[in-house]
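These notes concern the structure reproduced below.
The numbers here are math on the coordinates, done by the rules we state, and not lab data. Since the structure is predicted, the reported quantities are computational estimates derived from the model, not experimental observations. Note: ideal-geometry Cβ built from the backbone for every residue, glycine included; neighbour counts use all protein chains shown.
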Amino acid sequence: MGEGGDLFVLDMGEQVRILDLAETMIRLSGYRPGVDIEIEITGVRPGEKMYEELLTEEEGAVATQHARIMRVPAASHVAAASRAPEQLWRDLMALARAASQDDGGRIERAMVRIVPEFRSAAALAEVAAAAAAVAVPTASAPVGSAAAALPASVSGTMATDHGDGQTV
């Protein structure tokens, strides 16, 4: 199916909302969500992904004979990995210097040089704000809450501490 050096990406199926997963795990543990164990929706934190991309368009995935397996030919990812180690080291050192000086602009520029697909937290916040402006509240989230502003396919971070060291 592959030719030396190819990468394979598996399609894992439909997205799962974290809230649904948490509620299911609580029920499977013999408890009732919202009664025995509360779920606190904290929203998206800085740097947190709103969704996971299997591949970017630039990576050139190719279909295989299996519907849920994609192949990325070696030429697509080997070129990116073949960057001179010295240049990568210089970029990493520039990132470290920018981070030590807490220089957000330089950090972002260094990140883009190292990972061209990188998007800053500010850019992601703009996407989240645009999604919030058009989102429809769901039955599982009160109107005006952070979760109500997110599309059904987007999952935020949820955690609650019950005083017993367990976090859900």
Quiz item: Which cross-chain or sequence-distant (5 or more) residues have an amide H under 5 Å from the amide H of G43, H modelled 1.01 Å from N in plane?
Solution: T157
Quiz item: What is the fewest-to-most order of Y31, Y51 by other Cβ atoms lying within 10 Å of their Cβ?
Solution: Y51, Y31
Self-check item: In Hz, Karplus ³J(HN,Hα) per residue of region 42-47 (6.51, -1.76, 1.60; θ = phi - 60°; x = Gly, Pro)
Solution: 9, x, 7, 9, x, x
Quiz item: Check T64: other-chain or 5+ apart residues with amide H under 5 Å from its amide H, H built from backbone geometry?
Solution: I69, R71
Practice problem: Sort region 1-74 into rounded, prolate or oblate with this rule: let a ≥ b ≥ c be the square roots of the eigenvalues of the Cα gyration tensor; rounded if a/c is under 1.5, and if a/c is not under 1.5, prolate when a/b is larger than b/c, oblate otherwise. | Solution: prolate
Exercise. Apply 1/(1 + (r/R0)^6) to the Cβ-Cβ distance of A94 and E14, taking R0 = 35 Å, and write down the FRET efficiency to the nearest 0.05.
Key: 0.30
Quiz prompt | E86-A122 pseudo-label distance in nm [points 7 Å out on the Cα-to-Cβ vector] | solution = 3.3 nm
Exercise. With a ≥ b ≥ c taken as the square roots of the eigenvalues of the C-alpha gyration tensor of region 90-129, please select rounded if a/c is under 1.5 and otherwise prolate if a/b is larger than b/c or oblate if it is not?
Key: oblate
Quiz item: Taking the mean number of other Cβ atoms within 10 Å as a proxy for protection, how do you rank 3-14, 97-108 from highest to lowest?
Solution: 97-108, 3-14
Practice problem: Enumerate the amide H contacts of L7 below 5 Å, restricted to partners 5 or more residues apart or on another chain; note that Pro and chain-start residues carry no placed amide H. | Solution: V72, A74
